[in-house]
1. Look at residue 50 and say whether it is under 18 Å from residue 189 (Cβ atoms) and within 16 Å of the chain's Cα centre (by Cα).
2. Under 13 Å from the mean Cα position of the chain (by Cα) and of a type outside the set (Lys, Arg): which single residue out of 142, 107 fits that description?
3. Within the set of pairs 6+ apart or on separate chains, which have a first residue in the range 30-57 that is farther than 15 Å from residue 122 by Cβ and small (Gly, Ala, Ser), a second that is at pLDDT 85 or above and open to solvent by 60 Å² or more (accessible area, probe 1.4 Å), and C-beta atoms under 6 Å apart?
4. Within the set of pairs 6+ apart or on separate chains, which have a first residue in the range 152-177 that is farther than 27 Å from residue 45 by Cβ and surrounded by 11 or more Cβ atoms within 10 Å (Cβ to Cβ), a second that is acidic (Asp, Glu) and modelled with pLDDT under 90, and C-beta atoms under 6 Å apart?
5. Please verify whether the range 57-70 includes one or more residues that are among the acidic types (Asp, Glu) and at pLDDT 90 or above.
6. Would you mention how many residues in the range 101-135 are of a type in the set (Asp, Glu) and either open to solvent by 20 Å² or more (accessible area, probe 1.4 Å) or closer than 19 Å to residue 156 by Cα (or both)?
Amino acid sequence: MKRRSRGYTAVELLMSIGVLGLGVCGVIAMQKVVVASNGEAKNLALATRIAESWLDELAADAGQWNDTGDFDETAWLTKVGAEGSPSAAWFRPDYVSGRNFGSAFDALGNPVATADIATKAQFCSDLRLRWMNGQANVKKGAGLIRAEVRVFWRREGVVGLSGAPPKHVCDIDPAAFDGADGQKLYHVIYLSTALREQLGAPE
């Protein structure tokens, strides 16, 4: 006697579709996480490259510091202040057109001029300069400055700020950056270096 071949029942078919749907949802959710992680990794790499570029620019700036107290030909070292002054504060460096470099950078890490910050800037940077060793007239090249750079960019989907959100990435005062809103709003990296006074002609 022949057995009749059975097909799938409606319940089995629905269960199969349900399992497939759960699997697809898991893959889609994982893909969203991967895309977000890749974006953050890209931003971190760009911010690190920007900070390293700042260290190179400051080293080049220090090449013009070749006499005691002579910062006239430097672009940013003038902000170090007098020796023995109180601990320096963070400041937003000016854009220097001759060097095509400043505080703001676009999504690819290219410098952004001051006039374009509101529309193009995706990364922003601050500097802090402190004396490590004073200059001595009797010993040229004794001066030493610690230079710190911080590069920051906006976090996605931040809510619950105490004040109005900034209009663009650089629209936050350097002094307020370490406050509660600043910590919520931005990812940030820090790099530092030492800048030495260059040997120059006797005064």
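The values are calculated or read from the model by the stated rules, or taken from the named source; none is laboratory data. None of the values given here were measured: they were computed from a predicted structure. With ideal geometry, Cβ positions are generated from the backbone for all residues, glycine too; neighbour counts draw on all protein chains shown. We work out accessible area using only protein heavy atoms, side chains counted, and drop any ligands, DNA or RNA first. Shrake-Rupley method; radii C 1.70, N 1.55, O 1.52, S 1.80 Å.
1. yes
2. 107
3. Final answer for the pair search is none.
4. Hits for this filter: 161/181.
5. yes
6. 2
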